[in-house]
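This report concerns only the one structure given below.
Each value in this text was obtained by applying a stated rule to the coordinates, not by laboratory testing. Just so we're clear, the structure is a prediction, and the values are computed from it rather than from any experiment. Neighbour counts are summed over all protein chains in view; Cβ atoms, including those assigned to glycine, are modelled from backbone coordinates with ideal geometry.
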Amino acid sequence: MKTNKPWIKPALEFGPLIIFFGVFMLYRERDVVLWGETYSGFILATLVFIPAQFISTLIQWRMTGKLAPMQVATLVLVVVFGGMSVWLNDPSFFKFKPTLIYLLFAIILGTGLLLRRNWLGSVLSEALPMDEEGWRKLTLRMAIFFVCLAVANEIVWRNMSETTWVYFKTFGLPFLLFAFLLGNAGLYRAHALPEKKD
């Protein structure tokens with residue numbers, strides 16, 4: 001199943017996060033009783049986010065016939081850490097999840113550099129054709145960037161309010177990622193592959 005509608009992919013990627021944000025904002029100041037247990041608005045939002053992320057990932061798989069390793073890893077961590085937060089009624093597990101995801105991404109990219117494997121390029125080369133040196137530089141920068149995001153997430157969730165963390169997670173982290181990708185425009189141009197002539 002394929003679609004030419006350009007809005008489908010970002011809607012699937014950011015839809016679950018927007019749903020999480022909406023549920024949290026609606027219930028952040030009140031508790032909800034489910035199955036005889038009292039849950040905060042944050043836990044309720046997490047409970048809604050898990051199936052939303054699963055359905056979104058399933059639709060992406062149905063559309064493309066494949067999933068990137070990072071998509072699979074993200075889904076697994078969402079289910080595991082989100083599930084632990086709901087099961088133990090403790091939001092800290094879900095708040096720690098981005099830290100683990102970003103550290104995992106950094107380790108994967110760093111391992112690729114050590115093994116001289118262009119794993120990032122194998123995923124993004126169609127959208128961003130660059131030479132090997134360009135991919136090496138981008139991989140190193142992205143690995144460092146993911147470590148910085150992991151540190152930032154730890155600082156925010158451990159030292160700031162729950163609402164602040166939700167805003168940071170929903171809007172701050174995607175903005176930082178967008179800014180990083182935009183900030184490397186010079187690298188993309190410098191290492192772009194020459195266009196093929198017919």
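Please arrange F145, F180, F21 by counting, for each residue, the other beta carbons lying within 10 Å of its beta carbon, fewest first.
Taking fewest neighbouring Cβ atoms as first place, the list is F180, F21, F145.
What is the distance, in nm, between label points placed 7 Å from the Cα along the Cα-to-Cβ direction at V123 and at I55?
Label-label distance for V123 and I55, simple model: 2.5 nm.
Counting other beta carbons within 10 Å of each Cβ, put K95, K9 in order, fewest first.
Listed from fewest to most nearby Cβ atoms, that is K9, K95.
Which value in nm describes the separation of the simple spin-label points at L176 and R116, placed 7 Å from the Cα toward the beta carbon?
With each label placed 7 Å out from Cα toward Cβ, I get 3.4 nm.
Separation between the R141 and R28 pseudo-spin-labels, each 7 Å from Cα along Cα→Cβ, expressed in nm?
3.3 nm
Residues with amide H under 5 Å of M130's amide H, sequence separation 5 or more or different chain, H placed in the peptide plane at 1.01 Å from N; which?
It is L193, by chain and number.
Once you keep just the Cα pairs under 8 angstrom separated by 6 or more residues, what percentage relative contact order results for segment 19-60?
Relative contact order of segment 19-60: 40 percent.
In whole Hz, what ³J(HN,Hα) sequence does segment 18-35 give by Karplus (6.51, -1.76, 1.60; θ = phi - 60°), x for Gly and Pro?
5, 4, 4, 4, x, 5, 4, 5, 6, 10, 5, 10, 9, 9, 10, 9, 10, 6
Can you put T163, T74 in order of Cβ neighbours within 10 angstrom, beginning with the fewest?
Ranking T163, T74 by Cβ neighbours within 10 Å, fewest first, gives T163, T74.
Going 7 Å from the Cα of A190 in the Cα-to-Cβ direction, what parts of segment 126-149 have a backbone nitrogen less than 20 Å from that spot?
128-146
Angle, helix 132-159 long axis vs. longest principal axis of the chain, Cα atoms, 0 to 90°, nearest 10?
That works out to roughly 20 degrees.
Run the count for the chain, please: Lys pairs, Cα-Cα under 20 angstrom, 8 or more apart or on different chains.
Step by step, the pairs that qualify in the chain add up to 6.
Relative to the longest principal Cα axis of the chain, at what angle does helix 41-64 sit, 0 to 90 degrees, rounded to 10?
Compared with the principal axis, the helix lies near 40 degrees.
Could you pull out every residue, at least 5 positions away or on a different chain, whose amide H is within less than 5 Å of the one on Y39? Hs are placed 1.01 Å off N in the peptide plane, and Pro or chain starts have none.
V32, V33, L34
For a test of the definition: using alpha carbon positions, the gyration tensor, and the 1.5 limit on a/c, classify segment 1-78 as rounded, prolate or oblate.
Prolate, because a/c is 1.5 or more and a/b exceeds b/c.
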